1. Quick check on segment 80-87. Is at least one of its residues free of Cβ contacts under 8 Å to residues at least 24 places away in the same chain and hydrophobic (A, V, I, L, M, F, W, C)?
2. Consider segment 88-125. How many of its residues are outside any strand (DSSP E or B) and without any contact (Cβ under 8 Å) to a residue 12 or more places away in the chain?
3. Could you please find all residues in segment 57-98 being β-branched (Val, Ile, Thr) and closer than 19 Å to Asp12 by Cα?
4. Just to check your reading of the model, which residue among Val41, Val97, Val21, Val32 is aliphatic (A, V, I, L, M), surrounded by 15 or more Cβ atoms within 10 Å (Cβ to Cβ), more than 12 Å from the chain's Cα centre (by Cα) and closer than 15 Å to Leu6 by Cα?
5. Within segment 48-59, is even one residue part of a strand (DSSP E or B) and closer than 29 Å to Gln2 by Cβ?
6. Let me confirm something: among Ser67, Ser78, which residue is in a strand (DSSP E or B), at pLDDT 95 or above, among the hydroxyl-bearing types (Ser, Thr, Tyr) and within 19 Å of Met1 (Cα to Cα)?
7. If you take the residues in segment 55-75 that are closer than 16 Å to Arg115 by Cα and not small (Gly, Ala, Ser), which one is surrounded by the fewest Cβ atoms within 10 Å (Cβ to Cβ)?
Amino acid sequence: MQAHPLRLSPGDDLRLALEDVLRQRKLRAAFVIQGIGSLSVAQLRFAGNDDPTELRDNLEILTLAGSISSDGAHLHMSVADPRGRVFGGHVAHGCAVRTTAEILLALLPEHRFSREYDLSSGFMELVIRSEPPPE
């Protein structure tokens, strides 16, 4: 495992930027250990909903965690609005960084993550495989 601290800048798409890290490093598995920062737009899919809900405000990222594979990311996040109300859910594309996002990734060069349909859950679920690290 390799620790990889990352800072995102204003306007960056949070999810796309994290997915790009794996592509740029030619890796197939990572975990987001934690993330903090701020957003101007959050796209969160709440439990049981098919589509994300857009939140537009000065939002603070309280928690950010999840897995990243070559087929995309599975991230969950909680954010607070200026009144202290907290919202959380699955991170969709379109979350725009407001001032910064500080994230710690655990890069896993000896693993490959993928998402495959799971009969028991009815969803695309994480599949973990071991593989030699890239050269």
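The values are calculated or read from the model by the stated rules, or taken from the named source; none is laboratory data. These figures come from a predicted structure and were not determined experimentally. Cβ sites come from the backbone with ideal geometry, for glycine too, and all protein chains shown count toward neighbours.
1. Among the residues of segment 80-87, at least one is free of Cβ contacts under 8 Å to residues at least 24 places away in the same chain and hydrophobic (A, V, I, L, M, F, W, C), which makes the answer yes.
2. So in segment 88-125, the residues outside any strand (DSSP E or B) come out as 92-95, 108-110, 119-122.
Those still in the list that are without any contact (Cβ under 8 Å) to a residue 12 or more places away in the chain too: 119-122.
Result for segment 88-125: 4.
3. Step one: of segment 57-98, the residues β-branched (Val, Ile, Thr) are 61, 63, 68, 79, 86, 91, 97.
Listed by number, the residues that qualify are Ile61, Thr63, Ile68, Val79, Val91, Val97.
4. Working: Val41 fails: closer than 15 Å to Leu6 by Cα; Val21 fails: more than 12 Å from the chain's Cα centre (by Cα); Val32 fails: more than 12 Å from the chain's Cα centre (by Cα).
After ruling out the rest, the residue left standing is Val97.
5. So far as segment 48-59 goes, no, none of its residues is part of a strand (DSSP E or B) and closer than 29 Å to Gln2 by Cβ.
6. Details: Ser78 fails: within 19 Å of Met1 (Cα to Cα).
Answer to the check: Ser67.
7. Taking the candidates together, the pick is Asp71.
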